[in-house]
1. So for the range 38-78, considering every pair of alpha-carbon atoms, how many percent are separated by more than 17 Å?
2. Give me the number: length gained by fully extending residue 78 to residue 54, i.e. 0.36 nm times residue separation minus the C-alpha to C-alpha distance, one decimal in nm.
3. Give me the Kirkwood hydrodynamic radius of the range 59-106, using the inverse of the mean 1/r over all pairs of distinct Cα atoms, in Å to one decimal.
């Protein structure tokens, strides 16, 4: 699952990560737990640190906390300390592959 998220790029379709639906004790409504997203976020951070530490990549493009509420903005991670700023939540909706072309010009 993590591999599909990290390897999504040109010509590769990433599968949507589905978290299990559970019934709430209040009024029987269905809710999606944030536990799945938190685990994915931690795995993304760990993988990013691993790739940067081994110098496999120079930069990782991901999502970070936005300045506006309810928004995630693109984040370019170049150091191990910056990897802790990566987030994965329901506000991560932009297509990050658009930044690959811009990075290739540098």
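Here, each number is a calculation from the coordinates, and none is a lab measurement. Since the structure is predicted, the reported quantities are computational estimates derived from the model, not experimental observations.
1. On the way: 305 of 820 pairs.
Summing the P(r) of the range 38-78 above 17 Å gives 37 percent of all pairs.
2. Working: separation 24, 0.36 × 24 = 8.64 nm, distance 1.25 nm.
Full extension from residue 78 to residue 54 adds 7.4 nm.
3. Working: mean 1/r = 0.0883 Å⁻¹.
It works out to 11.3 Å.
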